[in-house]
Amino acid sequence: MTNSLHKLFVICHDLLNREEGQDLVEYALVVALIAFGATAGMSNLATGINHAFNTISSKLATSL
């Protein structure tokens, strides 16, 4: 009886101490952070490009 309880304890202990899934979660968090940063950067970049084209368009219109 004691031997089987010890085996059950060892199995439960091994299941609780597994670390294989932690790498996947860490990679997913890094990818999410990069995606968030890229989205925020693209928004600012798009605004800057739009402003530049509007400036160019205005200067072309006034020079013609």
Exercise. Only one residue in Ala40, Ala61 is without any contact (Cβ under 8 Å) to a residue 60 or more places away in the chain, assigned to a helix (DSSP H, G or I) and surrounded by 10 or more Cβ atoms within 10 Å (Cβ to Cβ). Which one?
Worked result: Ala40
Exercise. Taking the stated definitions as given, is Val25 at negative phi, surrounded by 10 or more Cβ atoms within 10 Å (Cβ to Cβ), β-branched (Val, Ile, Thr) and part of a helix (DSSP H, G or I)?
Worked result: no
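Taken together, the values in this text are just the output of simple stated rules run on the coordinates, not laboratory data. Quantities reported herein were computed from a predicted structural model and do not represent experimental measurements. Cβ sites come from the backbone with ideal geometry, for glycine too, and all protein chains shown count toward neighbours.
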